[in-house]
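What follows is one structure encoded as structure tokens, with my remarks underneath.
The values are calculated or read from the model by the stated rules, or taken from the named source; none is laboratory data. The model shown is predicted, which means the values in this text are computed figures rather than measured ones. For neighbour counting, all protein chains shown are included, and Cβ atoms are generated from backbone atoms with ideal geometry for every residue, glycine included.
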Amino acid sequence: MSETAIKFRSVTKRFDGTELPAVDRLDLDVHQGETVALIGASGCGKTTTLKMINRLIDPTDGAIMVAGRDVRSVPILELRRSLGYVIQQVGLFPHMTVAANIAVVPQLLGWDRKRIAARVDELLALVHLPPEQYRGRRPAELSGGQQQRVGVARALAADPPILLMDEPFGALDPITRASLQNEVLDIQRKLRKAIVIVTHDMEEAIRLGDRIVVMEQGRIAQAGTPADLLLKPATPFIASLLGEDRAIKLLQTMKVASLMQAGGEMTDGAPGIGRDATLHEALGVFLSSGAPGLTVTDEDGKAVAMLARDGLFRLQSAHR
Amino acid sequence: MSLGQYLDIFGGMILDLLVKHILLFLVALAGAALAGILAGVAVYRLRAARFIVPVMNVLQATPEIVLLALCIPFLGIGYVGAIVPLFIKGILPVMQNTLSGLRSVEPGLKEAARGMGMSERQTLFRVELINAAPVIIAGIRVSAIMLVSVITLTAYIGVESLGTLILQGIARMDANALLVGSGLSAGLAIIVNQIMILLEKTAMRLAGRSR
């Protein structure tokens, strides 16, 4: 496994005047290049867990290490400037232009003007907002989705190795949310950050998370890859979070390539499907065509293997 | 004597009183605005400064004329005795608006500022005060309108202002003096109000609140 970006060691947080701890002896490692989705009902401790990383909240007990250093041993402002932070309310400063908003952390770090200007343009391009058109605008002149794109750009400004996201897309409509999720996937493919994202949306956790950590009453109820959870939810509560259609969601997380049989019997006239398509898309083709098998094609459209319908139905039992 | 003759003869004196009135007003307002913002920030940031609020409330409930009279034994009559009680009366609206302005800054902005690693001072100056500015300026406007008319009272303790004309008018049953004194005071109040509204709008625009 690659190096550990964030380590929680038996971390407990008790708020004054509450009986139960908000976070209870939590152990968790987040590796560089990995996206971990924290999910659970409100009050389960997921946001508290996130905010203990950049010390907006301090733990009562236990230790948190970022890049191998105990967060309490790093000067607090230096720590926060070294971590990207995206929040649900976006929190763009309305009195500053888009460019000035993105420049906040580089400015705090004392970068020179030229370097900041170049970085702002680079980031605007990364989140698909043409710089010459957007850098001079005020946040009030942007749509909600554009504002959060700027929010993401701002968090990435000083190129932090770690990105903390607190329900970043919760206030957006479903279409905008999906496009921003894709953008985060894209950015993550390019930049390989360690991302911790808090969400109450299981679809989001499945789409973005390399691992999903389900929290209940301050503890980890289950942690694993989306496929792990979808195949074997540990408790009825987690099963209900995943939904009755979790078998179908599982198909969304898997590629045709993972189930195809090379050199299987090729049937003439069988419908085709790309090997990078999801099994969910393959199911759609099975349903609409009624064919027992599909021809799997590569990027150039050449037939390379076949996918049997029965394979889809064996998927669940094979993992049990 | 007609109003025209009156203005002809006393024009110089009237102008002199008007200038003195405006100067008194500017000094009292500047002091009140500064002290009000400082007090507001102190109460917002420091638990220990909370005592300021009830003290200011008591002072605010005291009529201006009583405050003027109470100050005489300590400050004597004259400019200091006139400006200090007025300035005190001017603080409260500014302090209250500074406080509510700072408290109503969107929590997301404060959290973003802290989360990105701004110090408390940077958060205050770069984010909180700027976003509270329209509300703070509205408080200064309330103070300004009150001060510009209340300053007429300083005439009672021998400090010249437009109030001097009003007192003369009452003492001599002189309609001209009364008309000019109160008319100019009222006119000033209207002008001050308009200027402050303009400032408020500018601040709103700078804070990115209008589109």
Checklist entry - Pairs under 6 Å by beta carbon, first residue of a type in the set (Gly, Ala, Ser) in the range A:299-311, partner not in a strand (DSSP E or B), six or more apart or different chains? => result A:ALA305/A:MET260; A:GLY311/A:LEU259
Checklist entry - Exactly one of (1) in contact with a helix residue (DSSP H, G or I) (Cβ under 8 Å, 6 or more places away or on another chain); (2) of a type outside the set (A, V, I, L, M); (3) surrounded by fewer than 22 Cβ atoms within 10 Å (Cβ to Cβ) is unmet by A:PRO161. Its number? => result (1)
Checklist entry - Does the range B:44-67 contain at least one residue that is modelled with pLDDT of 90 or more, within 30 Å of B:LEU102 (Cβ to Cβ) and touching a Leu at 6+ places or on another chain (Cβ under 9 Å)? => result yes
Checklist outcome for this item: Among residues of the range A:114-142 being surrounded by fewer than 22 Cβ atoms within 10 Å (Cβ to Cβ), within 28 Å of A:LEU79 (Cα to Cα) and in contact with a Phe, Trp or Tyr (Cβ under 8 Å, 6 or more places away or on another chain), the residue farthest from the other protein chains (Cβ to nearest Cβ) is A:ARG119
Checklist outcome for this item: When the range B:80-104 is checked residue by residue, the ones that are in contact (Cβ under 8 Å) with a residue 12 or more places away in the chain, in a helix (DSSP H, G or I) and exposed (fewer than 15 other Cβ atoms within 10 Å of the Cβ) are B:ARG103
Item to check | Which numbered condition A:PRO160 misses (of (1) in contact with a Ser or Thr (Cβ under 6 Å, 6 or more places away or on another chain); (2) free of Cβ contacts under 8 Å to residues at least 40 places away in the same chain) | outcome: (2)
Checklist entry - For A:ILE102, which of the numbered conditions (1) touching a residue at least 12 places away in the same chain (Cβ under 8 Å); (2) away from chain B (no Cβ under 12 Å) fails to hold? => result (2)
Next on the checklist: Please determine whether any residue of the range A:89-111 is within 19 Å of A:VAL198 (Cβ to Cβ), of a type outside the set (S, T, N, Q) and in contact with a strand residue (DSSP E or B) (Cβ under 8 Å, 6 or more places away or on another chain).
Outcome noted: no
Next on the checklist: Exactly one of these conditions fails for B:ILE77: (1) away from chain A (no Cβ under 13 Å); (2) part of a helix (DSSP H, G or I). Give me its number.
Outcome noted: (2)
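Tell me the residue from A:MET65, A:MET52 that is within 30 Å of A:ALA239 (Cβ to Cβ) and either over 24 Å from the mean Cα position of the chain (by Cα) or modelled with pLDDT of 95 or more (or both), please.
None of the others qualify; the one that does is A:MET52.
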Next on the checklist: at pLDDT 85 or above and in contact with a Lys or Arg (Cβ under 9 Å, 6 or more places away or on another chain): is that true of A:LEU279 in this structure?
Outcome noted: yes
Next on the checklist: So, in the range A:144-190, how many residues would count as being of a type in the set (A, V, I, L, M, F, W, C) and under 21 Å from A:PRO131 (Cα atoms)?
Outcome noted: 10
Checklist outcome for this item: Being modelled with pLDDT under 95 and surrounded by fewer than 22 Cβ atoms within 10 Å (Cβ to Cβ) narrows A:GLY110, A:GLY91, A:GLY145 down to just A:GLY145
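I'd like the full set of residues that are more than 7 Å from chain B (Cβ to nearest Cβ), closer than 14 Å to A:PRO139 by Cβ and of a type outside the set (S, T, N, Q), limited to the range A:86-99.
Matches in the range A:86-99: A:LEU92, A:MET96, A:VAL98, A:ALA99.
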Next on the checklist: Being more than 30 Å from B:SER104 (Cβ to Cβ) and under 18 Å from the mean Cα position of the chain (by Cα) is the filter here; which residues of the range B:68-89 pass it?
Outcome noted: B:LEU68, B:TYR79, B:VAL80, B:GLY81, B:ALA82, B:ILE83, B:VAL84, B:PRO85
Next on the checklist: If the requirement is being in contact with a Gly (Cβ under 8 Å, 6 or more places away or on another chain), more than 14 Å from every other protein chain (Cβ to nearest Cβ) and either over 16 Å from B:LEU147 (Cα atoms) or surrounded by 13 or more Cβ atoms within 10 Å (Cβ to Cβ) (or both), which of these qualifies: B:ALA177, B:ALA171?
Outcome noted: B:ALA177
Checklist outcome for this item: Looking across the range B:115-132 at residues that are facing another protein chain (nearest Cβ under 9 Å) and surrounded by fewer than 22 Cβ atoms within 10 Å (Cβ to Cβ), the single one that is farthest from A:LEU108 (Cα to Cα) is B:ILE130
Next on the checklist: surrounded by fewer than 18 Cβ atoms within 10 Å (Cβ to Cβ), assigned by TED's automatic domain parsing to the domain that holds A:THR49 and basic (Lys, Arg): which single residue out of A:ARG207, A:ARG219, A:ARG314 fits that description?
Outcome noted: A:ARG219
Checklist entry - Taking only pairs six or more apart or across chains, which ones have beta-carbon atoms under 7 Å, a first residue in the range A:137-157 that is farther than 18 Å from B:GLU111 by Cα, and a second residue that is surrounded by fewer than 22 Cβ atoms within 10 Å (Cβ to Cβ) and among the β-branched types (Val, Ile, Thr)? => result A:ARG137/A:THR97; A:ARG138/A:THR97; A:GLY144/A:THR176; A:GLY145/A:THR176
Next on the checklist: Which count do you get for residues in the range B:29-47 that are buried (at least 22 other Cβ atoms within 10 Å of the Cβ) and either among the aromatic types (Phe, Trp, Tyr) or under 16 Å from B:LEU86 (Cβ atoms) (or both)?
Outcome noted: 4
Item to check | Residues of the range B:184-207 that turn out to be more than 13 Å from B:MET146 (Cα to Cα) and among the polar types (S, T, N, Q), as a count | outcome: 2
Item to check | Within the range A:225-256, tally of residues that are in contact (Cβ under 8 Å) with a residue 24 or more places away in the chain, small (Gly, Ala, Ser) and within 19 Å of A:MET215 (Cα to Cα) | outcome: 2
Item to check | Unmet criterion (only one of (1) surrounded by fewer than 18 Cβ atoms within 10 Å (Cβ to Cβ); (2) over 19 Å from the mean Cα position of the chain (by Cα)) for A:LYS255 | outcome: (2)
